[in-house]
Amino acid sequence: MNTNRRTATIVGVLFIAATVAGLLGSGLTGSIVGAPDYLVQIAANKNLVVLGALLKIVGAAASAGIAIALYPVLRKHSEGLALGSVGFRLVEGVFYLVAALGLFSLLSLGQEYASAGPQIAPAIQAMGTSILAVRVWAGFVIGVIAFCLGAAMYYYVLYRSRLIPRWLSAWGLAGLAMLFSMVLLIAFGERVSGPSGMLVLLAVPLGVQEMVLAVWLILKGFSPSAIASGSAKQAIPPVEGIQ
């Protein structure tokens, strides 16, 4: 297995890992954090919350790893966009970590709330509300915006270079536009807990595309002709002194 084939396989596995970890993490914690008595529920389901937070951290690392793994291949076609995608997906990972750490903070609050008296309980509830808001903005708004920007950069390079079929890159770009619309809905007040059908509808196309892309990369890899073209461009020395 040559380097480019290995890179394609790694990227495909990272796509799957990021998606599976993110979905499992949300599935384990979504109904708990979204419950009206979420502090009580969090304290009663400590193990699920911890596991969900750890899965979120795994998903954050895998998300950043996608752009990092793609960089050596994409830089041959556009070093600036390849570097930009790494930067934005690292920012994405940081904000996903903030959201995961918010779960641990809520767990501590929930345990304190369970033994708190009536005088302290309102203050703990207010802190919990603030942490929930930070989690939404970090994990569902700012983090996803950074993802959309970073992914748009590498999908554009993939489309232009034909490293993967153009229909697959175009699907990714269209899915990003829909996901960005979802972010706007959340930013303007759409509830994340118990997501509406509209939020799911806007998020699913990109999720399916990433799984198709992952399988494609694992089974077929990058286009050999596009790899050769990128290597040839990089091998051509810059010409100076031409008027």
Give the number of residues within segment 169-222 that are in contact with a helix residue (DSSP H, G or I) (Cβ under 8 Å, 6 or more places away or on another chain) and at positive phi. 2
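Of a type outside the set (K, R) and free of Cβ contacts under 8 Å to residues at least 12 places away in the same chain - does that describe any residue in segment 55-77? Give the derivation first.
Start the filter on segment 55-77 by keeping residues that are of a type outside the set (K, R), which leaves 55, 57-74, 77.
Adding the requirement that they be free of Cβ contacts under 8 Å to residues at least 12 places away in the same chain leaves none.
Scanning segment 55-77 turns up no residue that is of a type outside the set (K, R) and free of Cβ contacts under 8 Å to residues at least 12 places away in the same chain.
Would you call P165 more than 16 Å from the chain's Cα centre (by Cα), under 26 Å from S78 (Cβ atoms) and open to solvent by less than 50 Å² (accessible area, probe 1.4 Å)? First the steps, then the outcome.
Numbers: more than 16 Å from the chain's Cα centre (by Cα): yes; under 26 Å from S78 (Cβ atoms): yes; open to solvent by less than 50 Å² (accessible area, probe 1.4 Å): yes.
In short, yes.
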Contact list please: Cβ distance under 9 Å, first residue in segment 122-145 and buried (at least 19 other Cβ atoms within 10 Å of the Cβ), second residue acidic (D, E) and assigned to a helix (DSSP H, G or I), pairs at least six apart or on different chains. I142/E92; G143/E92; V144/E92; I145/E92
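Could you tell me which of the residues A152, A187, A116 is at pLDDT 95 or above and either open to solvent by less than 70 Å² (accessible area, probe 1.4 Å) or touching a strand residue (DSSP E or B) at 6+ places or on another chain (Cβ under 6 Å) (or both)? Please lay out each step first, then the result.
On the way: A187 fails: at pLDDT 95 or above; A116 fails: at pLDDT 95 or above.
Criteria check complete, one pass: A152.
The values are calculated or read from the model by the stated rules, or taken from the named source; none is laboratory data. None of these values were measured; they are calculated from a predicted model. Cβ sites come from the backbone with ideal geometry, for glycine too, and all protein chains shown count toward neighbours. These accessible areas exclude ligands, DNA and RNA; they are computed on the full protein's heavy atoms, side chains included. Shrake-Rupley method; radii C 1.70, N 1.55, O 1.52, S 1.80 Å.
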